[in-house]
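Working notes, structure below.
The values are calculated or read from the model by the stated rules, or taken from the named source; none is laboratory data. Remember, it's a predicted structure, so these values are computed and weren't measured experimentally. Every residue, glycine as well, gets a Cβ built from its backbone with ideal geometry; the counts of neighbours run over all protein chains shown.
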Amino acid sequence: MNDLIDPYETTGAHLARLLGRALNSFDLPDATVESLDSALAHVSSLHFSHHTTGLHRSLYRHAYLLRDGGALTLWELVHSTGRDGADQHELYTEESEAGLAASRLPEGFPGFADGIGAPGLDLDADLELLTSLMGPPPPPLPPVYVLDDSADHARRVLRRAENEDRPGDAAARRLRSAFAHHITQVFGRQYRVSGKDAGFTLYEHAFLLLDGTETSLWEVEHTATPDGRHMCEVYEDERAARESMELRTRVR
(Lines give C-alpha, C1' and ligand atoms only; values in the text may rest on other atoms or scores of the structure.)
Protein backbone atom coordinates (compact mmCIF):
# COMPACT_ATOMS: atom_id res chain seq x y z
CA MET A 1 0.00 0.00 0.00
CA ASN A 2 1.26 3.48 -0.80
CA ASP A 3 2.32 5.08 2.49
CA LEU A 4 0.82 8.40 1.35
CA ILE A 5 -2.70 6.90 1.12
CA ASP A 6 -3.96 4.91 4.11
CA PRO A 7 -7.60 3.77 3.61
CA TYR A 8 -8.02 3.16 7.35
CA GLU A 9 -6.73 6.56 8.51
CA THR A 10 -9.23 8.91 10.11
CA THR A 11 -9.78 12.28 8.44
CA GLY A 12 -8.35 14.14 11.44
CA ALA A 13 -5.17 12.06 11.48
CA HIS A 14 -4.89 12.34 7.70
CA LEU A 15 -5.07 16.15 7.79
CA ALA A 16 -2.58 16.40 10.65
CA ARG A 17 -0.12 14.26 8.70
CA LEU A 18 -0.78 16.12 5.43
CA LEU A 19 -0.32 19.60 6.87
CA GLY A 20 2.58 18.55 9.06
CA ARG A 21 4.73 17.28 6.20
CA ALA A 22 4.01 20.07 3.69
CA LEU A 23 6.83 22.58 3.30
CA ASN A 24 4.40 25.36 2.39
CA SER A 25 1.39 24.64 4.63
CA PHE A 26 1.73 28.15 6.09
CA ASP A 27 0.96 29.53 2.61
CA LEU A 28 -2.52 27.99 2.52
CA PRO A 29 -5.33 30.55 2.85
CA ASP A 30 -6.69 30.89 6.39
CA ALA A 31 -10.21 30.23 5.10
CA THR A 32 -9.07 26.90 3.65
CA VAL A 33 -7.44 25.77 6.90
CA GLU A 34 -10.53 26.82 8.88
CA SER A 35 -12.78 24.89 6.52
CA LEU A 36 -10.64 21.78 6.91
CA ASP A 37 -11.35 21.86 10.64
CA SER A 38 -14.91 20.79 9.78
CA ALA A 39 -13.91 17.94 7.43
CA LEU A 40 -15.96 14.80 8.09
CA ALA A 41 -14.51 12.40 5.50
CA HIS A 42 -11.87 12.30 2.82
CA VAL A 43 -10.79 10.39 -0.26
CA SER A 44 -7.28 10.47 -1.76
CA SER A 45 -6.03 9.40 -5.16
CA LEU A 46 -2.85 9.50 -7.22
CA HIS A 47 -3.46 11.92 -10.08
CA PHE A 48 -0.14 11.84 -11.96
CA SER A 49 3.36 10.46 -11.44
CA HIS A 50 6.73 10.15 -13.15
CA HIS A 51 9.56 7.92 -11.97
CA THR A 52 12.99 7.45 -13.51
CA THR A 53 16.41 6.81 -12.02
CA GLY A 54 17.05 9.64 -9.60
CA LEU A 55 13.80 11.44 -10.47
CA HIS A 56 10.56 11.02 -8.55
CA ARG A 57 7.49 13.22 -9.14
CA SER A 58 3.89 12.59 -7.98
CA LEU A 59 0.71 14.60 -7.63
CA TYR A 60 -2.04 13.48 -5.24
CA ARG A 61 -5.59 14.76 -5.04
CA HIS A 62 -7.24 14.92 -1.59
CA ALA A 63 -10.99 15.70 -1.50
CA TYR A 64 -12.88 16.44 1.74
CA LEU A 65 -16.53 16.43 2.73
CA LEU A 66 -17.25 19.39 5.03
CA ARG A 67 -19.78 19.65 7.82
CA ASP A 68 -21.90 22.15 5.85
CA GLY A 69 -22.27 19.64 2.99
CA GLY A 70 -19.68 21.29 0.75
CA ALA A 71 -16.43 19.83 -0.55
CA LEU A 72 -12.84 21.04 -0.70
CA THR A 73 -9.84 19.74 -2.65
CA LEU A 74 -6.12 19.95 -1.94
CA TRP A 75 -3.38 19.05 -4.41
CA GLU A 76 -0.20 17.52 -2.95
CA LEU A 77 2.98 17.72 -5.02
CA VAL A 78 5.65 15.21 -3.98
CA HIS A 79 9.15 15.40 -5.45
CA SER A 80 12.55 13.90 -4.70
CA THR A 81 14.49 17.14 -4.37
CA GLY A 82 15.46 16.84 -0.72
CA ARG A 83 18.85 15.91 0.64
CA ASP A 84 19.92 12.48 -0.69
CA GLY A 85 16.78 12.38 -2.84
CA ALA A 86 14.36 12.52 0.09
CA ASP A 87 10.74 13.32 -0.74
CA GLN A 88 9.50 16.87 -0.32
CA HIS A 89 5.77 17.73 -0.02
CA GLU A 90 3.90 20.85 -1.09
CA LEU A 91 0.17 21.66 -0.90
CA TYR A 92 -1.96 23.75 -3.24
CA THR A 93 -5.64 24.58 -3.48
CA GLU A 94 -5.67 24.62 -7.30
CA GLU A 95 -4.33 22.11 -9.80
CA SER A 96 -2.90 24.96 -11.89
CA GLU A 97 -0.87 26.16 -8.89
CA ALA A 98 0.53 22.65 -8.44
CA GLY A 99 1.36 22.59 -12.16
CA LEU A 100 3.23 25.88 -11.95
CA ALA A 101 5.22 24.63 -8.95
CA ALA A 102 5.97 21.39 -10.79
CA SER A 103 7.31 23.27 -13.81
CA ARG A 104 9.80 25.10 -11.58
CA LEU A 105 11.32 21.92 -10.12
CA PRO A 106 14.84 20.93 -11.18
CA GLU A 107 14.33 18.77 -14.28
CA GLY A 108 10.63 19.67 -14.14
CA PHE A 109 7.80 17.12 -14.02
CA PRO A 110 7.91 15.29 -17.38
CA GLY A 111 4.48 14.79 -18.92
CA PHE A 112 2.55 16.47 -16.14
CA ALA A 113 1.67 19.66 -18.04
CA ASP A 114 -0.16 17.54 -20.62
CA GLY A 115 -2.27 15.98 -17.88
CA ILE A 116 -3.56 19.17 -16.28
CA GLY A 117 -7.30 19.39 -16.58
CA ALA A 118 -7.56 15.73 -17.61
CA PRO A 119 -11.05 14.23 -17.61
CA GLY A 120 -12.28 12.38 -14.56
CA LEU A 121 -11.55 15.13 -12.04
CA ASP A 122 -15.16 15.65 -11.04
CA LEU A 123 -15.58 17.30 -7.64
CA ASP A 124 -19.29 16.45 -7.68
CA ALA A 125 -18.42 12.77 -8.07
CA ASP A 126 -16.05 13.00 -5.12
CA LEU A 127 -18.73 14.72 -3.07
CA GLU A 128 -21.21 11.97 -3.92
CA LEU A 129 -18.68 9.31 -2.89
CA LEU A 130 -17.85 11.06 0.37
CA THR A 131 -21.54 11.57 1.19
CA SER A 132 -22.18 7.87 0.62
CA LEU A 133 -19.34 7.02 3.02
CA MET A 134 -21.03 9.08 5.72
CA GLY A 135 -24.47 7.59 5.12
CA PRO A 136 -26.04 4.66 6.96
CA PRO A 137 -24.86 1.18 5.94
CA PRO A 138 -27.04 -0.73 3.50
CA PRO A 139 -29.57 -3.09 5.07
CA PRO A 140 -28.31 -6.64 5.56
CA LEU A 141 -29.10 -9.13 2.83
CA PRO A 142 -31.77 -11.72 3.63
CA PRO A 143 -30.39 -15.14 4.60
CA VAL A 144 -29.78 -17.68 1.87
CA TYR A 145 -31.43 -20.88 3.06
CA VAL A 146 -29.83 -24.25 2.39
CA LEU A 147 -31.84 -27.41 1.66
CA ASP A 148 -29.85 -29.89 3.74
CA ASP A 149 -31.88 -32.10 6.13
CA SER A 150 -32.77 -29.05 8.20
CA ALA A 151 -35.12 -30.88 10.58
CA ASP A 152 -32.24 -33.15 11.62
CA HIS A 153 -29.98 -30.11 12.01
CA ALA A 154 -32.55 -28.58 14.40
CA ARG A 155 -32.71 -31.82 16.40
CA ARG A 156 -28.92 -31.87 16.76
CA VAL A 157 -28.82 -28.24 17.92
CA LEU A 158 -31.49 -28.92 20.55
CA ARG A 159 -29.84 -32.17 21.65
CA ARG A 160 -26.51 -30.54 22.48
CA ALA A 161 -28.09 -27.77 24.58
CA GLU A 162 -27.11 -28.04 28.27
CA ASN A 163 -29.03 -25.11 29.75
CA GLU A 164 -32.09 -25.90 31.88
CA ASP A 165 -34.20 -23.25 30.12
CA ARG A 166 -33.53 -24.64 26.64
CA PRO A 167 -36.43 -24.83 24.14
CA GLY A 168 -38.95 -27.52 25.01
CA ASP A 169 -41.12 -30.04 23.21
CA ALA A 170 -43.25 -27.39 21.47
CA ALA A 171 -40.21 -25.94 19.72
CA ALA A 172 -38.97 -29.41 18.80
CA ARG A 173 -42.32 -30.31 17.23
CA ARG A 174 -42.46 -27.06 15.26
CA LEU A 175 -38.94 -27.59 13.89
CA ARG A 176 -39.81 -31.03 12.54
CA SER A 177 -41.27 -29.20 9.54
CA ALA A 178 -38.02 -27.32 8.81
CA PHE A 179 -36.87 -27.95 5.25
CA ALA A 180 -34.16 -25.28 4.88
CA HIS A 181 -31.85 -23.46 7.25
CA HIS A 182 -29.14 -20.79 7.48
CA ILE A 183 -26.39 -20.37 10.11
CA THR A 184 -24.90 -16.97 10.99
CA GLN A 185 -22.25 -16.11 13.58
CA VAL A 186 -23.48 -12.87 15.12
CA PHE A 187 -21.03 -12.47 18.00
CA GLY A 188 -17.61 -13.73 19.10
CA ARG A 189 -15.34 -12.47 21.86
CA GLN A 190 -12.91 -13.45 24.62
CA TYR A 191 -13.58 -12.46 28.26
CA ARG A 192 -11.75 -12.90 31.54
CA VAL A 193 -13.97 -15.08 33.75
CA SER A 194 -12.95 -16.33 37.19
CA GLY A 195 -9.34 -15.50 36.41
CA LYS A 196 -9.31 -17.46 33.15
CA ASP A 197 -9.82 -16.57 29.50
CA ALA A 198 -13.19 -17.75 28.20
CA GLY A 199 -14.49 -17.58 24.67
CA PHE A 200 -18.11 -16.75 23.78
CA THR A 201 -19.72 -17.24 20.38
CA LEU A 202 -23.34 -16.63 19.42
CA TYR A 203 -24.92 -18.29 16.39
CA GLU A 204 -28.32 -17.83 14.84
CA HIS A 205 -29.77 -20.98 13.28
CA ALA A 206 -32.60 -19.70 11.08
CA PHE A 207 -35.12 -22.22 9.75
CA LEU A 208 -37.69 -22.06 6.97
CA LEU A 209 -40.76 -24.16 7.76
CA LEU A 210 -43.20 -25.93 5.45
CA ASP A 211 -45.96 -23.41 6.23
CA GLY A 212 -43.74 -20.59 4.88
CA THR A 213 -42.84 -19.11 8.27
CA GLU A 214 -39.37 -18.56 9.67
CA THR A 215 -38.05 -19.27 13.15
CA SER A 216 -34.64 -19.25 14.80
CA LEU A 217 -32.65 -20.97 17.51
CA TRP A 218 -29.93 -18.94 19.21
CA GLU A 219 -26.92 -20.98 20.21
CA VAL A 220 -24.32 -19.80 22.73
CA GLU A 221 -21.02 -21.67 22.75
CA HIS A 222 -18.61 -20.81 25.56
CA THR A 223 -15.81 -22.11 27.76
CA ALA A 224 -16.86 -20.26 30.94
CA THR A 225 -17.00 -23.56 32.85
CA PRO A 226 -15.05 -24.55 35.99
CA ASP A 227 -12.72 -26.83 34.02
CA GLY A 228 -12.68 -24.79 30.80
CA ARG A 229 -14.83 -27.37 29.06
CA HIS A 230 -16.75 -26.31 25.95
CA MET A 231 -20.47 -25.82 26.72
CA CYS A 232 -23.46 -25.20 24.48
CA GLU A 233 -26.68 -23.37 25.40
CA VAL A 234 -29.70 -22.85 23.12
CA TYR A 235 -32.47 -20.23 23.36
CA GLU A 236 -35.56 -19.31 21.37
CA ASP A 237 -34.80 -15.58 21.26
CA GLU A 238 -31.68 -13.48 20.92
CA ARG A 239 -32.24 -11.42 24.06
CA ALA A 240 -32.24 -14.49 26.31
CA ALA A 241 -29.05 -15.74 24.65
CA ARG A 242 -27.26 -12.43 25.13
CA GLU A 243 -28.47 -12.13 28.73
CA SER A 244 -27.00 -15.56 29.43
CA MET A 245 -23.63 -14.50 28.03
CA GLU A 246 -23.70 -11.24 30.00
CA LEU A 247 -24.52 -13.10 33.22
CA ARG A 248 -21.64 -15.52 32.77
CA THR A 249 -19.12 -12.77 31.99
CA ARG A 250 -19.97 -11.14 35.35
CA VAL A 251 -18.73 -14.20 37.25
CA ARG A 252 -15.41 -13.33 38.87
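Answer yes or no as to whether A39 is farther than 23 Å from F109 by Cβ, surrounded by fewer than 14 Cβ atoms within 10 Å (Cβ to Cβ) and at pLDDT 85 or above. Considered against the rule, which asks whether it is farther than 23 Å from F109 by Cβ, surrounded by fewer than 14 Cβ atoms within 10 Å (Cβ to Cβ) and at pLDDT 85 or above, A39 comes out as no. Within the range 193-211, is there a residue that is in the same structural domain as L158 (by TED's automatic domain parsing), aliphatic (A, V, I, L, M), out of contact with any Asp or Glu (no Cβ under 8 Å at 6 or more places or on another chain) and closer than 22 Å to A154 by Cβ? Yes - at least one qualifying residue is present in the range 193-211.
For (1) surrounded by fewer than 11 Cβ atoms within 10 Å (Cβ to Cβ); (2) modelled with pLDDT under 80; (3) not aromatic (F, W, Y), each residue gets a yes or a no:
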{"site": "S80", "(1), (2), (3)": "no, no, yes"}
{"site": "E94", "(1), (2), (3)": "no, no, yes"}
{"site": "A98", "(1), (2), (3)": "no, no, yes"}
{"site": "P106", "(1), (2), (3)": "yes, no, yes"}
{"site": "D126", "(1), (2), (3)": "no, yes, yes"}
{"site": "A170", "(1), (2), (3)": "yes, no, yes"}
{"site": "S177", "(1), (2), (3)": "no, no, yes"}
{"site": "A180", "(1), (2), (3)": "no, no, yes"}
